[in-house]
Structure formats: structure tokens, C-alpha cells
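Worksheet: the structure to be examined is printed underneath.
The values are calculated or read from the model by the stated rules, or taken from the named source; none is laboratory data. No experiment lies behind these values; they were computed from the predicted model shown. Positions of Cβ are generated from backbone atoms using ideal geometry, with glycine treated the same way; all protein chains shown enter the neighbour counts.
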Amino acid sequence: MTTSARTVFYGGIAASLLMVTAASAHHGWSWAEDQQVELSGTIKAIMIAPPHPTLDVETADDGLWRVELGNPRATERAGFVEGVAKVGDMIVALGNKSKDPSEKRMKAVRITIGDKVYDIYPERIESN
């Protein structure tokens, strides 16, 4: 293999590793606490868009939280699609809060709106 071919080859490998590392950092749970908690409140905004659909939820005691759902496909598989919830709906989110106490952010594994339950990450739901 020539020097320039090796450079292109190893450069491609390095770029691929960087993309995998970036994807892992984005999609990982390392930013979240291990313990799951419930967050109850009123939906103030709904964003159904990549990379992760999100809900802004106003709680009675702790203000506005950003609740991240799964990737769009996982969220859709759970049945949470555009139109099933609206601003003003009451919600209970089960998930993992950010390790940073100044950040009001949660990764939801389950959300409940009314009597409808959406298991976003069923394999991650801790049973009591």
C-alpha cells in the first residue's frame, strides 16, 4: 500500500471511530443518574423531531423540565406520535434525571398521559 493510500485508509478509520464515539456520547446515558424518579406536571411544549423528541414539563414544585424521549423510531414504536398529547395535558414521566443538579433534564423511560402509558425504553424500566 502506498503512503497516500495508507493515509486515506487510516484517516477513514479515524473518522469512523470519531463518529462512533460522538454517537455513543450523544445516545448514552452517562449524563443521567442511575436511580429512576417520577416527574409530574403539565406539558408546556412538545417537539417531535430528531435527534430525540422532547417535552417541556412545568412541575408545581420545581419549575420547567426538559423531558427527553427515545429516538424518533423508539418513541413512535411506543405509540407516542404527533397528536396523542397536547400542551396543557398532565403527564407523569418516569426516568433518569441529569447528574448535573443545575440542569432540569430527564431521560424518560416511560410517560403516562391520562390513562395511556407509553413505554419508551421498556427494557430500562426498574420494577419495584
Evaluation of ILE43 against (1) over 21 Å from SER30 (Cα atoms); (2) assigned to a loop (DSSP other than H, G, I, E, B) (one fails), failing number: (2)
Yes/no for ALA85 being among the small types (Gly, Ala, Ser) and assigned to a loop (DSSP other than H, G, I, E, B): yes
Where a residue in the range 29-42 is in the same structural domain as LEU94 (by TED's automatic domain parsing) and its partner, wherever it lies, is surrounded by 13 or more Cβ atoms within 10 Å (Cβ to Cβ) and among the β-branched types (Val, Ile, Thr), with Cβ under 6 Å and at least six apart: GLU38/VAL92; SER40/VAL92; GLY41/VAL57; GLY41/THR59
Given (1) more than 17 Å from the chain's Cα centre (by Cα); (2) at pLDDT 95 or above; (3) within 19 Å of TRP31 (Cβ to Cβ), number of the condition LEU69 does not satisfy: (1)
Filter result (basic (Lys, Arg) and in contact (Cβ under 8 Å) with a residue 40 or more places away in the chain) within the range 51-102: ARG66, LYS86, LYS97, LYS99
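Rundown of residues vs (1) within 15 Å of ILE91 (Cα to Cα); (2) surrounded by fewer than 17 Cβ atoms within 10 Å (Cβ to Cβ); (3) modelled with pLDDT under 95, yes/no style:
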| site | (1), (2), (3) |
| --- | --- |
| ALA25 | no, yes, yes |
| GLY28 | no, yes, yes |
| ALA32 | no, no, yes |
| THR42 | yes, yes, no |
| ALA49 | no, yes, yes |
| VAL57 | yes, no, no |
| ALA60 | yes, yes, no |
Flag for VAL109 being in contact with a helix residue (DSSP H, G or I) (Cβ under 8 Å, 6 or more places away or on another chain), of a type in the set (A, V, I, L, M, F, W, C) and surrounded by 15 or more Cβ atoms within 10 Å (Cβ to Cβ): yes
Within the range 103-112, considering residues that are free of Cβ contacts under 8 Å to residues at least 40 places away in the same chain and not polar (S, T, N, Q), the one nearest to LEU55 (Cα to Cα): ARG110
